[in-house]
Amino acid sequence: MSSSKQEESRSGHVADLKDRVAVVTGAGSGLGRSIGVGLAGVGAIAALLDIDAESVQQTVTIIEQQLPQSQTMAVICDVTSEGNVDESFEAVLKKWGRLDILVNAAGIAPPGPLVDLEAEAWRRAVEVNLTGYFLTAKAAARIMIKQGSGGSIINVSSKSGLEASRDNTAYNATKAGEIHMARGWAMELGQYGIRVNCVCPGNVFEGSNIWNPEYIKVCAAKYGIKPEEVIPYYVNKTALKRQIKGQDVADAVIFLCSDKARAITGQVLVVDAGQVMVR
């Protein structure tokens, strides 16, 4: 393809989400950051939410450096606090006057065998991964219904929400719950033109707070391998034998938020290089 045709194609892609207002939670790192950058790259106005003020501001800086004409803002938000969530969405409305897209990407993954998992770690995972998704979706849905122009909600789940992984009780349960919540919301909100879908990534190591050195050590012990062998081990479990990048997941989110997916709701799009086959 010639450079002019590439530009033409890219411009058409940008037009898909141009000037649509998107909220992305967990945007200070990992998949949330990749998705925020990806949405801004196709013309969306990005409100980036995270509890970590410094990291979410870094995401804003990355977008501003790569895309000087973009519109974005950092919002400090604890997704487990209903008051904080409502205040955050009010700030978005005050600045841009509408909301078209919500991407739930904030999440934690306390590892360990069932017999060693502390109840507090379980409760925290439920609060962030389930209550957080519920509160932000509730706030977004109210706004979208009032606007009367539809919208798109994406829950970033995981392949572990489809096929459980060992020593991962809290993550397995909450990621499966995110999928089922989305399916219920799709049935409730379809009458308003609001589409709700899930993206289930495989193991994305790039920039991840979940795949920290301690978590990698736990995985290494689980499989009887060295920590430096963990990433190649997981990559080798995929059909494509390739490492999944944040941009791969961002591209899936962009598609589901675009008009090209206007007839898709209540579905799960798996981005895992062929590790889990959906049945």
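The values are calculated or read from the model by the stated rules, or taken from the named source; none is laboratory data. Note that the structure is a prediction, hence the values are computed from the model and not measured. A quick note on method: Cβ atoms are made from the backbone with ideal geometry, for glycine too, and the neighbour counts reach across all protein chains shown.
Assess whether V249 counts as being within 30 Å of L189 (Cα to Cα), part of a helix (DSSP H, G or I) and at pLDDT 90 or above. Write out each step before concluding.
On the way: within 30 Å of L189 (Cα to Cα): yes; part of a helix (DSSP H, G or I): yes; at pLDDT 90 or above: yes.
Criteria met by V249.
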Contacts under 6 angstrom Cβ, first residue in region 39-67 being under 16 Å from V23 (Cβ atoms) and without any contact (Cβ under 8 Å) to a residue 24 or more places away in the chain, partner surrounded by 19 or more Cβ atoms within 10 Å (Cβ to Cβ) and hydroxyl-bearing (S, T, Y), 6 or more apart: V60/T72
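Is it true that G246 is of a type outside the set (S, T, N, Q) and closer than 30 Å to Y192 by Cβ? Steps first, answer last, please.
Details: of a type outside the set (S, T, N, Q): yes; closer than 30 Å to Y192 by Cβ: no.
No; evaluated as a whole, the condition is false for this residue.
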Could you say which residue among A176, A239, A273, A186 is within 16 Å of A105 (Cα to Cα) and either in a helix (DSSP H, G or I) or among the hydrophobic types (A, V, I, L, M, F, W, C) (or both)? A176
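Quick test for you: out of G150, G202, G190, pick the one residue that is touching a helix residue (DSSP H, G or I) at 6+ places or on another chain (Cβ under 6 Å) and in contact (Cβ under 8 Å) with a residue 24 or more places away in the chain. Give the steps one after another, and end with the answer.
On the way: G150 fails: touching a helix residue (DSSP H, G or I) at 6+ places or on another chain (Cβ under 6 Å); G190 fails: touching a helix residue (DSSP H, G or I) at 6+ places or on another chain (Cβ under 6 Å).
Answer to the selection: G202.
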Restricting attention to region 195-221, report how many residues are modelled with pLDDT under 85 and either closer than 12 Å to G246 by Cα or hydroxyl-bearing (S, T, Y) (or both). 4
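With the structure loaded, tell me whether R166 is in a loop (DSSP other than H, G, I, E, B), touching a residue at least 24 places away in the same chain (Cβ under 8 Å), surrounded by fewer than 24 Cβ atoms within 10 Å (Cβ to Cβ) and not small (G, A, S) or whether it fails that test. Please lay out each step first, then the result.
On the way: in a loop (DSSP other than H, G, I, E, B): yes; touching a residue at least 24 places away in the same chain (Cβ under 8 Å): yes; surrounded by fewer than 24 Cβ atoms within 10 Å (Cβ to Cβ): yes; not small (G, A, S): yes.
Yes: the conditions hold for R166.
For residues in region 78-90 being part of a helix (DSSP H, G or I) and touching a residue at least 24 places away in the same chain (Cβ under 8 Å), which is nearest to G193 (Cα to Cα)? Let's see the steps before the verdict.
First pass over region 78-90, keeping only residues part of a helix (DSSP H, G or I): 82-90.
Those still in the list that are touching a residue at least 24 places away in the same chain (Cβ under 8 Å) too: 82, 85-86, 88-89.
On the way: E82: 25, V85: 23, D86: 22, S88: 24, F89: 20 Å.
Filtering first and then ranking leaves F89.
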So V75 passes all but one of these: (1) in a loop (DSSP other than H, G, I, E, B); (2) of a type outside the set (S, T, N, Q); (3) surrounded by 15 or more Cβ atoms within 10 Å (Cβ to Cβ). Which condition number does it fail? (1)
